[in-house]
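Worksheet for the structure shown next.
What follows draws every value from the coordinates through simple rules; no lab data is involved. Here the structure is a predicted model, which means the values were calculated and not measured. Here Cβ is always computed from backbone atoms with ideal geometry, including for glycine, and neighbour counts include all displayed protein chains.
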Amino acid sequence: MFKRGDEKMIIGYTSGVFDLFHIGHLNLLKNARSLCDKLIVGVTSDELVAYKNKKAIIPHQERMEIVRNIKYVDAVVPQYDMDKFKMWKRLKFDVMFVGDDWFETEKWKKFDEQFKSVGVKIIYFPYTKGVSSTLINEMLKKQRNIEK
């Protein structure tokens, strides 16, 4: 546990694929770090990315290194499982940050209840409109087709 003098530090956690790192990723990490003393970031493994029937462009170890070097990030861990509560059992964070595209979904209603039972607050940040790794990939595909 991190401590600041006699006070317990607030440990934050967020996770993501962080493929094709963009301003939405940076906004999430910057905003999350502003609301905690230490920020731990889980980076989704290549195998787990397949849950969306997708494939990361940048390999897992490289994505972890990119995120590790963002000044708002204090620690990076691999994310091998979608169960955020399993990660809490491992890390014991105090607050979790997630995009508001998950707000009120069945999956996150369940997480909300689980986390409330252990005193963890979930903060939903506005999803950065107009940018995502998926959108960047689609734009690159279109651009490649135009150039042929």
Below 12 angstrom from the Cβ of residue 90, what's the summed charge of the other residues (Lys, Arg +1; Asp, Glu -1)? +2
Of 43, 20, 10, which is farthest towards the positive pole of region 1-74's charge dipole, taken about the Cα centre with +1 and -1 on the beta-carbons of Lys, Arg and Asp, Glu respectively? 10
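So, counting K/R as plus one and D/E as minus one, what does the shell of residues with Cβ under 10 Å around residue 121 add up to?
-1
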Among the DSSP beta bridges whose two residues both lie in region 1-125, what percent are antiparallel, rounded to the nearest 5? 10
Check: region 4-94 dipole with +1 on Lys, Arg Cβ and -1 on Asp, Glu Cβ, in debye: 120
For residue 8 and residue 77, extending 7 Å from Cα along the Cα-Cβ vector and measuring point to point gives, in nm, a value of 1.6
Kindly state, to the nearest 0.05, the FRET efficiency for residue 47 paired with residue 92, given R0 = 25 Å and r defined as their beta-carbon distance. 0.50
